[in-house]
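K.L.:
Let me begin by handing over the structure; questions about it come next.
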Amino acid sequence: MATTAEFRTCPDTGLVFHKPAETLMKLNAVAGIVFLLVGGVLGLMLGLTRWPAVHLLPADWFYLLLTAHGLGVLVFWIIFFEIAVLYFTSSTLLKCRLATPRWAWLGFILMLIGSITTNVAIFQGGSSVMMTSYVPMSAEPHFYLGLILFAVGALIGCFVFLGTLVIARAERTYGEGSLPLVTFGALTACIIAIFTIASGAIVLIPTLLWKIGYISYMDPLVYRVIWWAFGHSSQQINVAAHIAVWYAIAGVVFGAKPLSEKVSRMAFLLYILFLQLASAHHILVDPGISSEWKIFNTSYAMYLAVMASMIHGLTVPGAIEAAQRHKGFNKGLFEWLRKAPWGNPSFSGMFLSLIIFGFLGGISGVVMGTEQINLIIHNTLYVPGHFHATVVGGTTLAFMALTYWLIPVLFRREVMFPGLAKWQPYLFGIGMSGFSLFMMGAGTLGIPRRHWDISFSGALFSHDFPATAQLLLGVMGISTILAVIGGAAFIIVAVGSVFFGKRKDPAVKFSMPLIAPSVTVDHARIGFAGVAVPGTLVLALVFLTAFVLYYFVNWKYLSSVWGLS
Amino acid sequence: MSTLSSPSERVWWKTPVERVELLWVGIALVWGIIMTIMMPYWHVVGKQNLSNEAYRTTPEAFAKKTQAMVDQYTVRTETERQFPVVAPPAGSDVYLIARLWDWWPILELENGKSYRLHLTSMDWQHGFSLQPENINVQVVPGYEMVITITPNKAGAYTVVCNEYCGIGHHKMIGKIYVK
Ligand code: HEM
Ligand SMILES: [Cu+2]
Ligand SMILES: [Cu+2]
């Protein structure tokens, strides 16, 4: 049993922190934010290179930094932060000591060594292979080694999380009932992470052995299939994790309760059952993969996972709407939304994350994951457009929103530059939305991804992309700058507060409580026309309309190109 | 009892469901079924599908077949590198090599006619991206992919490489002419 001396009760929220867990949460979150900072600087340089009028970097640096950017943000930033989220949702929310802090330290150190090793390999110059490192192109051995070490460290983090759940259950630290919804969501993320890391090991360990000469041949198609079992499911960790964060912020800011525990939890379970299976949408135009399998894999598997996301897309704002209506904002369709705390960056960041993830990332992802439509999208700039909406506008923004709340609660500091913090989610969210949308537009017009020079300087032939595409790349460049300003604002506020912020005095209350008292809503007494959350339903129907229209527009566009059979 | 604490009901799957949730689950399910049907439907009525015909191959075997086509059907050469422009008969098998960093040779096709296009890579992975049509397929070494193509507009088309293939990636462009 842990001693009470190892715990601290947060005077503002009543949350109970296990001190060794608290230290590890802080370290993981800070390591993640450092990688986000580096990745953001690289993103700026990449964005300025893809802006034809600026074309900042030379070719070798562009590809080098693109490799560093992809891994640094997609893998290192996100996963460090997710480990912090796992420890928070287990140890803190369950009021339980962290299982084996020593192992958690080992995991952290391995992740740190791994991420640094891979970055060293990249910056030495011999490993500009992109994060996907498609064979037979190869990187230096320590490029793979670093990734493997990082994965082992993350795996240890997952098991520490699971161990903590077991202890909490055994010691009844959170009572007799089920796990809190947020922890339940984190648990799904953790299970998917274990599957992901196993796939990563299956593909990266042989690649390392191949590189140092123990294996003579790596089949490039088999590599792609297994790499994407890893690459795709790693994105599902993010989805499950950031949706858990949405629910957490709904709980923190509004005291919201899910519309029903059952539906929200079933939706999380669907992720485990289907999401990681749906990796075929990355290999829809690869040779030798049958249409039957592609269709099975992207429909049965993928659409049930899509359904789960659509459910969360309804239940998260629905829970907020119910809580708001209960508090008296019960007039009309949208009073609850108008009167929401738009000046609180935790809320605005979370809500923008929801909108960007759904409308931009979600719809584009399903459309390009359609077997035939992928033909007119694969490997164009549309693809990074899509995933900057999901993993930056969605996951990253949600994590930023959570950080604003963690600064006083976990780090016990006051948020520095509150005025800047208030605007940050808007700057970043709008900048990223523009960036994503314009990339998607340019991709629709054929602009390739991972491409240094679309004017093809030095090539034997020439080709002119449509003027509209050039224009879109220009406005994409401008959005890059906006998004980077938003990203920098976050770093300034977060790093500033954590390292130089004023220690938070518990006597000083914020204008908003750091954790709202939870509300139990009688759904019969709110809303109208028999619908408890009519505003959310309208938003959902708007979403559906956009989805259906955009889906069929793409079929129409497909039907105009050359016949293929 | 908020999202951050245990639900009041001990067993979560026995909790009541909100009506609007059921409605939305139903809508999402129907929409998923429609999208599922669209793909096989397009295989039946649509004109843009991959047959997924593919074979294992080697660079030598593929280069030999391509060379035979070039020897037989070259109509002229272009550029200082004497790139052959090949005009094979309609309905025939045509070959396109992806390699660091060209698409070889140039093909000259007839509008409205079909050709069996064979694609592979001699070295790393490449991306066949036909512009301005914007048709994109992955080109993987060791695998020969066959697609029956039917151009529907005359013009000079460009094949761009859209899978990163090293420092010369941006120079890797080729041509397909449709008369
Ligand atoms: C303001 C911030 C950011 C900017 C301006 C930015 C910009 C870019 C640009 C220009 C590219 C290259 C696209 C191409 O040529 O194919 C890129 C690629 C990418 N970005 Fe970002 N990015 C930002 C933040 C992020 C974040 C936060 C993440 C992940 C959480 C992320 C993940 C990626 C990934 C995975 C790639 C693809 C790398 C590859 O193709 O291998 N980016 N980004
Ligand atoms: Cu290439
Ligand atoms: Cu290339």
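K.L.:
What is the spin-label model distance, in nm, from B:ASP71 to A:LEU209 if the labels are put 7 Å beyond Cα along the C-beta direction?
P.N.:
4.3
K.L.:
Oh, and also: Residues with beta-carbon under 14 Å from that of A:VAL263, excluding A:VAL263: net charge, scoring Lys, Arg +1 and Asp, Glu -1?
P.N.:
Result for the neighbourhood of A:VAL263: +1.
K.L.:
Another one. Ignoring everything except DSSP H segments at least 4 long, calculate the 222 nm mean residue ellipticity for chain B; use -39,500 (n - 2.57) per segment, divide by total residues, nearest 500.
P.N.:
-8000 deg cm²/dmol
K.L.:
The range A:315-354: which chymotrypsin sites (Phe, Trp or Tyr not before Pro) are DSSP loop and have at most 16 other beta-carbon atoms within 10 angstrom?
P.N.:
Sites meeting the loop and neighbour criteria: A:PHE334, A:TRP342.
K.L.:
Counting only other chains, what is the mean number of Cβ atoms within 10 angstrom of the Cβ of each residue in peptide A:132-141?
P.N.:
3
K.L.:
Let me ask something else. Only bridges with both residues in the protein assembly as shown count here: give the DSSP antiparallel percent, nearest 5.
P.N.:
Values: 39 of 51 bridges.
Bridges in the protein assembly as shown that DSSP calls antiparallel: roughly 75 percent.
K.L.:
Could you state the angle between the C-alpha long axis of helix B:59-73 and the longest principal axis of the C-alpha atoms of chain B, as a value from 0 to 90 degrees rounded to the nearest 10?
P.N.:
Approximately 50 degrees, to the nearest ten.
K.L.:
From Cα pairs below 8 angstrom and at least 6 apart in sequence, can you work out the relative contact order of the range A:278-419, rounded to a whole percent?
P.N.:
For the range A:278-419, the relative contact order is 26 percent.
K.L.:
Scan chain A and hand back the longest stretch that contains none of the GluC sites (Glu not before Pro) lying in DSSP loops with at most 14 other Cβ atoms within 10 Å.
P.N.:
A:177-565
K.L.:
Next question. Residues of the range A:354-379 with accessible area at least 30 Å² lower in the all-protein-chain context than alone (1.4 Å probe)?
P.N.:
A:GLN372, A:LEU375, A:HIS378, A:ASN379
K.L.:
Treat every Asp and Glu Cβ in the protein assembly as shown as -1 and every Lys and Arg Cβ as +1, leave all other atoms uncharged, and give the resulting dipole magnitude about the Cα centre to the nearest 20 debye.
P.N.:
1780
K.L.:
A follow-up question, please. The range A:402-443 to the range A:121-167: how many Å between their Cα centroids?
P.N.:
27
K.L.:
Next question. Tally up the carbon and sulfur contribution to the accessible surface of the protein assembly as shown as a whole percent, 1.4 Å probe, everything protein left in place.
P.N.:
Carbon and sulfur atoms account for 69 percent of the accessible area of the protein assembly as shown.
K.L.:
With every protein chain left in place and a probe of 1.4 Å, what is the accessible surface of B:SER114, to the nearest 10 Å²?
P.N.:
Its heavy atoms expose roughly 50 Å² to the probe.
K.L.:
Which value in Å does the Kirkwood hydrodynamic radius of the range B:1-120 take, with 1/r averaged over all unlike C-alpha pairs and then inverted?
P.N.:
Kirkwood hydrodynamic radius for the range B:1-120: 20.0 Å.
K.L.:
Describe numerically, in nm with one decimal, the distance between label points set 7 Å from Cα along Cα→Cβ at B:LEU29 and at B:LYS113.
P.N.:
For the pair B:LEU29/B:LYS113, the computed spacing is 5.3 nm.
K.L.:
So which of A:LYS19/A:LYS327; A:LYS211/B:LYS171; A:LYS331/A:LYS502; A:LYS556/B:LYS113; B:LYS64/B:LYS113 end up more than 32 Å apart, counting from Cα to Cα?
P.N.:
Long pairs (Cα-Cα over 32 Å): A:LYS19/A:LYS327; A:LYS331/A:LYS502.
K.L.:
Total Å² of accessible surface buried at the A-B contact, 1.4 Å probe, nearest 100? Write out the running numbers ahead of the final one.
P.N.:
Details: alone 23150 and 11870 Å², together 26140 Å².
Buried area between the two chains comes out at roughly 8900 Å².
K.L.:
Would you kindly state how much longer the chain becomes between A:TRP293 and A:ALA524 on full extension, computed as 0.36 nm times their sequence separation minus their alpha carbon distance, in nm to one decimal?
P.N.:
On the way: separation 231, 0.36 × 231 = 83.16 nm, distance 4.59 nm.
Full extension from A:TRP293 to A:ALA524 adds 78.6 nm.
K.L.:
Here is a further query. What fraction of the Cα pairs in the protein assembly as shown, stated in percent, has a spacing above 35 angstrom?
P.N.:
The proportion of pairs with Cα distances above 35 Å equals 45 percent.
K.L.:
Accessible area per residue of the protein assembly as shown at 1.4 Å probe, in Å²?
P.N.:
Value for the protein assembly as shown: 35 Å² per residue.
K.L.:
Continuing with this model, one more query. Just name one of A:LEU471, A:ALA442, A:GLY486: the one whose Cα is farthest towards the positive end of the charge dipole of the range A:409-523 (beta-carbon charges, Lys/Arg +1, Asp/Glu -1).
P.N.:
Result: A:GLY486, furthest along the dipole toward the positive end.
K.L.:
Continuing with the same structure: For chain A, find the longest principal axis of its Cα atoms and tell me its angle to the long axis of helix A:345-355, 0 to 90°, nearest 10.
P.N.:
50
K.L.:
Also, quick follow-up: Please state the equivalent ellipsoid semi-axes for the range A:244-394: what are the square roots of 5 times the Cα gyration tensor eigenvalues, largest first, in whole Å?
P.N.:
34, 17, 11
K.L.:
Shifting gears a bit: Taking amide H positions as placed in the peptide plane 1.01 Å from N, state which residues far from A:MET130 in sequence (5 or more) or on other chains have amide H under 5 Å from it.
P.N.:
Here the answer is A:THR67, since their amide H atoms fall under 5 Å of that of A:MET130.
K.L.:
Quick one: compute the contact order of chain B, relative version, from alpha carbon pairs under 8 angstrom and 6+ residues apart, as a percent.
P.N.:
It comes to 19 percent, rounded to a whole number.
K.L.:
Taking the Cα centre of the range B:23-179 as the origin and placing charges on Cβ (Lys, Arg +1; Asp, Glu -1), which of B:ASN134, B:THR150, B:TYR55 is farthest toward the positive end of the dipole?
P.N.:
B:THR150
K.L.:
Based on alpha-carbon positions alone, could you give the equivalent ellipsoid semi-axes of the range A:221-328 from the gyration tensor, as √(5λ), descending, whole Å?
P.N.:
35, 13, 9
K.L.:
Based solely on C-alpha atoms, express the radius of gyration and the Dmax of the range A:291-346 in angstrom.
P.N.:
17.6, 53
K.L.:
Give me the percent relative contact order of chain A, please, defined on Cα pairs under 8 angstrom at least 6 residues apart.
P.N.:
Computed value for chain A: 15 percent relative contact order.
K.L.:
Taking the Cα atoms only, what angle lies between the long axis of helix A:181-211 and the longest principal axis of chain A, rounded to 10 degrees?
P.N.:
With both axes taken from Cα atoms, the answer is about 30 degrees.
K.L.:
OK, next. Just how much of B:LYS153 is accessible, in Å², when a 1.4 Å probe is used and the result is rounded to the nearest 10?
P.N.:
Rounded to the nearest 10, that gives 80 Å².
K.L.:
Assign unit charges at the C-beta atoms only (+1 for Lys and Arg, -1 for Asp and Glu), then state the dipole size of the range A:254-344 relative to its Cα centre in Debye, rounded to the nearest 20.
P.N.:
Roughly 580 debye, rounded to the nearest 20.
K.L.:
Post the alpha-carbon centroid distance, the range A:318-397 to the range A:1-33, in whole angstrom.
P.N.:
31
K.L.:
Still on this structure, I have one more. Report the calculated FRET efficiency for A:ALA170 and B:ILE167 (r = Cβ-Cβ distance, R0 = 35 Å), to the nearest 0.05.
P.N.:
Here the calculated transfer efficiency is 0.05.
K.L.:
Using a Förster distance of 30 Å, how high is the FRET efficiency between A:ARG338 and B:VAL17, based on the Cβ-Cβ distance and rounded to 0.05?
P.N.:
Taking R0 as 30 Å, the efficiency between A:ARG338 and B:VAL17 is 0.60.
K.L.:
Give me the residues in the range B:33-48 whose solvent-accessible area, probe 1.4 Å, is reduced by at least 20 Å² once all protein chains are included instead of the chain isolated.
P.N.:
Buried by the other chains: B:MET35, B:THR36, B:MET38, B:MET39, B:TRP42, B:HIS43, B:LYS47, B:GLN48.
K.L.:
Would you mind pulling out the separation of the Cα centroids of the range A:496-536 and the range B:86-131, in Å?
P.N.:
Cα centroid to Cα centroid, the span is 60 Å.
K.L.:
Would you work out the charge dipole size for the range A:129-276 about its Cα centre, treating the Cβ of every Lys and Arg as +1 and the Cβ of every Asp and Glu as -1, and quote it to the nearest 20 debye?
P.N.:
220
K.L.:
Give me, ordered by chain and number, the residues 5 or more places off B:ILE97 or on other chains with an amide H under 5 Å from its own placed amide H.
P.N.:
Sorted by chain and number, the residues that satisfy this are B:TRP104.
K.L.:
Put +1 on the Cβ of each Lys and Arg and -1 on the Cβ of each Asp and Glu in the protein assembly as shown; which of A:PRO258, A:LEU155, A:HIS142 then has its Cα farthest toward the positive end of the dipole?
P.N.:
Of the candidates, A:PRO258 comes out farthest on the positive side.
The values are calculated or read from the model by the stated rules, or taken from the named source; none is laboratory data. Computed from a predicted structure; not experimentally measured. Cβ sites come from the backbone with ideal geometry, for glycine too, and all protein chains shown count toward neighbours. We work out accessible area using only protein heavy atoms, side chains counted, and drop any ligands, DNA or RNA first. Shrake-Rupley method; radii C 1.70, N 1.55, O 1.52, S 1.80 Å.
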